[in-house]
Amino acid sequence: MSETREPATWHGTTIMMVRKDGKVVIAGDGQVSLGQTVIKHSARKVRPLAKGEVIAGFAGATADAFTLFERLEAKLEQYPGQLMRACVELAKDWRTDRYLRRLEAMMLVADKNVSLVLTGTGDVLEPEGGVMGIGSGGNYALAAGRALADTDFDAETIARKAMAVAAEICVYTNESITVETLDTAE
């Protein structure tokens, strides 16, 4: 009797968003895993978009995420300064387009006014309490971030500490952290 093996799959990551005291921060780890093997330690899964007016991070398949970054960038060009509208339009396409529907990724995006979670099921959600985590270690980072949100720590410190907690618990998350920050104060 022969045993059939599932092909090795790419494992997610951890992306964390914190909005507090005039700043919004998105942080992501750098680990890329294929099956049980770490194939890269320093991937950049968080980046600025729309000439630095938006920051975004992805969890999921890397090629899929880059496709989504490109699509979001196009929507932001079509709807400049309207992150919510651009994300809703992307979510519509993601849910209805035959090619996009197969993409396996989630995104956290933020500008100076709004923070959002985007999913392939068409969800465009605003996180409660200004804190959100996605990916394989997302729930660990989210729990740590929520616990730290009421402290005197600033947004970046909270994100970094929450990501460190996730890296200690989740085998698909490492301590090579990329952080992007936007000022939200007028």
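Brief remarks follow.
- In segment 147-186, the residues that are among the aliphatic types (A, V, I, L, M), part of a loop (DSSP other than H, G, I, E, B) and closer than 21 Å to Pro48 by Cβ: Ile177, Ala185
- Within segment 114-130, tally of residues that are part of a loop (DSSP other than H, G, I, E, B) and modelled with pLDDT of 95 or more: 1
- Glu156 vs. criteria surrounded by fewer than 18 Cβ atoms within 10 Å (Cβ to Cβ) and closer than 18 Å to Arg44 by Cα: yes
- Figure legend. Inter-residue proximity from segment 143-158: first residues free of Cβ contacts under 8 Å to residues at least 40 places away in the same chain, second residues hydrophobic (A, V, I, L, M, F, W, C), beta-carbon distance below 6 Å, spacing 6+ or different chains. Indicated pairs: Ala144/Ala162; Ala144/Val165; Arg146/Val131; Leu148/Ile158.
- Filtered residues of segment 42-65 (kept if in contact (Cβ under 8 Å) with a residue 24 or more places away in the chain, farther than 22 Å from Leu182 by Cβ and not charged (D, E, K, R)): Ser42, Gly60, Ala61, Thr62
- Options Met163, Met132, Met106: the member that is more than 17 Å from Ala43 (Cβ to Cβ) and either in contact with a Leu (Cβ under 9 Å, 6 or more places away or on another chain) or crowded, with 21+ Cβ neighbours inside 10 Å (or both): Met132
- Index of the failed condition, Ala86 passing every other in (1) part of a helix (DSSP H, G or I); (2) modelled with pLDDT under 95; (3) buried (at least 18 other Cβ atoms within 10 Å of the Cβ): (2)
The values are calculated or read from the model by the stated rules, or taken from the named source; none is laboratory data. Just so it is clear, the structure is predicted and the values come from calculations on it, not from any experiment. Note that each Cβ is placed from the backbone with ideal geometry, even for glycine, and that neighbours are counted across all protein chains shown.
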